[in-house]
Amino acid sequence: MTYWVYENWRAGAKKAKTHFAHCSYCNYGKGIKGGTRPDNGKWVGSFDTFEDAIAHARQTGFPNIEPCKVCNPS
Ligand SMILES: [Zn+2]
């Protein structure tokens, strides 16, 4: 399995969300159709293990770290 982290830095919503690469929201780092606005955040990947993805999410320093509710990575 491959994992990605989405760093979302919009004001008031700073969070790092973990996804499986195949998640429709992640789409191997491309995001949903039409792409991700660069002012909203960025995809970081790809990580070989969930632990690596979480380690990256933690080092962002963002207050919220959560798994995607759609793909529910673990
Ligand atoms: Zn997901």
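Quick look at the numbers
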| read-out | value |
| --- | --- |
| Subset of the range 23-69 that is more than 12 Å from TYR6 (Cβ to Cβ) and among the β-branched types (Val, Ile, Thr) - its residue that is nearest to the ligand (Cβ to nearest atom) | ILE54 |
| Residues satisfying the stated conditions in the range 8-19, i.e. under 16 Å from GLY61 (Cβ atoms) and at pLDDT 95 or above | ALA16, LYS17, THR18 |
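The values are calculated or read from the model by the stated rules, or taken from the named source; none is laboratory data. Please read these numbers as outputs of a predicted model, since none were measured by experiment. We place every Cβ from the backbone using ideal geometry, glycine too, and count neighbours over all the protein chains shown.
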